Amino acid sequence: MTADSWRNLIEHIGLLYQEYRDKSTRQEIETRRLQDSQTDPEETSPSEETPSESESTSTTENKAPPQISLLRNSNSRFNLWQDLPEIRSSGVLSILQPDEIKLQEAMFELVTSEASYYKSLNLLVSHFMENERLKKILHQSEAHILFSNVLDVMAVSERFLLDLEQRVEENIVISDVCDIVYQHTVNHFSVYITYVSNQTYQERAYKQLLQDKPAFREVISQLELDPKCKGLSFSSFLILPFQRITRLKLLVQNILKKVEEKSDRETTALDAHKELETVVKACNEGVRKMSRTEQMISIQKKLEFKIKSVPIISHSRWLLKQGELQQMNGPKTSRTLRTKKLFREIYLFLFNDLLVICRQIPGDKYQVFDSAPRGLLRVEELEDQGQSLANVFILRLLENADDREASYMLKASSQSEMKRWMISLAPNRRTKFVSFTSRLVDCPQIQCVHPYLAQEPDELSLELADILNILDKTDDGWIFGERLHDQERGWFPSSMGEEILNPKIRAQNLKECFRVHKSDDSQRRKLGSRNRQ
């Protein structure tokens, strides 16, 4: 591909990546709504489905068709593969089976979305990073924190897109793209881990610059108003790499759902998905590690031990939940309706391996009076005993700081807060509904229709079109869910989603999920077998 044709391709991409991503996920939501409203999801016609629906199939023989000039059309709005003039004039649509057309659409979306992503990255660099006024305002170290290794990320995207473009132009029917995804993930995508791990410092630096440097704030505002940015904010460009690497994994999952089982294309898709999942997990861990270390240091400074001191800071320890609860005074037999005297405030810090029980003291400090390993905690919900004892549960420490068993009767401020504490304190406790790992046929599911950013460690951030199994729910509007594509669990407001009512759609979602993660299951089984030996 010549340099001129490459520039022409990028210049004529219709959408910035942020626009593509929003359009794609909303279309996915609407398609699922349509299917959910139907008695039989199989009645959905091909024209009503997006590339993210349905499964399967085999490669089909094709004539020697003309080469395709991908997205050279200046009016391109990310049309479907089957709508491209080259496809329609070739007659290939009359040869291919419907399932193969859906697979072509899924592979085509991966390529076109990468082109859109590259266009947005290029704008971040050329319009913002290389702006002369901005260069004069920013110190070299500030610019480094703000833009990190974005040039490396863009170079990797360009190389990746060139290989994808070459594959698409080899033949009008795309043979495969997951083999290319696999090679680039293994050899080049580590640049994403570096970029995303810097996210905590990047966000902090950006907020600080907006606050401390009026000239910076003014230039950024002016640059955002440029028509090139299409009304999108500077921060939406900074977060592009993390959004892309996550989305890329979902696009490969989409392809995997459509390839023929036990085929070569299934093998390459599984391999690509596994490597992408490794990179995404490393990105997530990089972000968490930065923020967790600072958080643990802050907590350590606030604690004063009335009992034998416990070292809080550890590389393998992080905070799961913290907050105030009401502790019941005296033995159970002393219960009265004088609730104001019945309870007193205590404060809990729950880590992944340790519980610390405190009382708040002056000076934003906490005095620790008990602790226990998290594995030695048990919880029990009290039966309904009237308003005064609503949202009360028993916390048992099988072995506390004094090496003895201890019990605490605790009252939460709401039903959701009580359930959240109980699930965090005893994660293996059975939830109301079925979990993903139980592999049962049906379970309540919800589709995210509003994005949600987690506010607490036990909450789950949601992206548009996420599908989750509902594990538990409360009367005051909270859901404990397990996301299908990565099995991450957490709480979120029920208003963020719409429940999927059609049992056939729920079953299809689970079936597709089991298929995507079957390589993980076989790996776990092999590991378990070796451990038993």
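The values are calculated or read from the model by the stated rules, or taken from the named source; none is laboratory data. Please read all numbers here as calculations on a predicted model, not as lab measurements. Using ideal geometry, Cβ is built from the backbone for each residue, glycine included, and neighbour counts are taken over all protein chains shown. Calculation scope for accessible area: heavy atoms of the full protein, side chains included, ligands and nucleic acids excluded. Shrake-Rupley method; radii C 1.70, N 1.55, O 1.52, S 1.80 Å.
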Does at least one position in the range 451-474 carry a residue that is over 21 Å from the mean Cα position of the chain (by Cα) and at pLDDT 80 or above? yes
Given (1) at pLDDT 95 or above; (2) over 19 Å from residue 398 (Cα atoms); (3) aliphatic (A, V, I, L, M), identify the lone condition not met by residue 287. (1)
Those residues of the range 144-175 which are surrounded by fewer than 19 Cβ atoms within 10 Å (Cβ to Cβ) and in contact with a Ser or Thr (Cβ under 6 Å, 6 or more places away or on another chain) amount to 149
Could you list, in sequence order, all residues of the range 463-477 that are in contact with a helix residue (DSSP H, G or I) (Cβ under 6 Å, 6 or more places away or on another chain) and closer than 26 Å to residue 30 by Cβ? 464, 465, 467, 469, 477
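Just to confirm my filter: which helices (runs of 4 or more DSSP H) fall fully inside the range 170-255 and include at least 2 residues that are without any contact (Cβ under 8 Å) to a residue 40 or more places away in the chain?
On the way: elements: 178-187, 190-197, 199-212, 214-224, 234-238.
Helices (runs of 4 or more DSSP H) meeting the threshold: 178-187, 199-212, 214-224.
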Filter result (at pLDDT 95 or above and basic (Lys, Arg)) within the range 102-133: 133
Given the residues 293, 246, which is the only one that is out of contact with any His (no Cβ under 9 Å at 6 or more places or on another chain), among the hydroxyl-bearing types (Ser, Thr, Tyr) and within 30 Å of residue 203 (Cβ to Cβ)? 246
Residue pairs within 6 Å by beta carbon, gap of at least six or interchain, first lying in the range 285-307 and part of a helix (DSSP H, G or I), second polar (S, T, N, Q) and at pLDDT 85 or above, listed first then second, are 286/197; 287/199; 290/200; 291/200
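Can you tell which of 213, 136 is modelled with pLDDT of 95 or more and open to solvent by 60 Å² or more (accessible area, probe 1.4 Å)?
Values: 213 fails: open to solvent by 60 Å² or more (accessible area, probe 1.4 Å).
Exactly one of 213, 136 is modelled with pLDDT of 95 or more and open to solvent by 60 Å² or more (accessible area, probe 1.4 Å), namely 136.
Out of 262, 274, report the one residue that is in a loop (DSSP other than H, G, I, E, B) and open to solvent by 40 Å² or more (accessible area, probe 1.4 Å).
Values: 274 fails: in a loop (DSSP other than H, G, I, E, B).
Only one candidate qualifies: 262.
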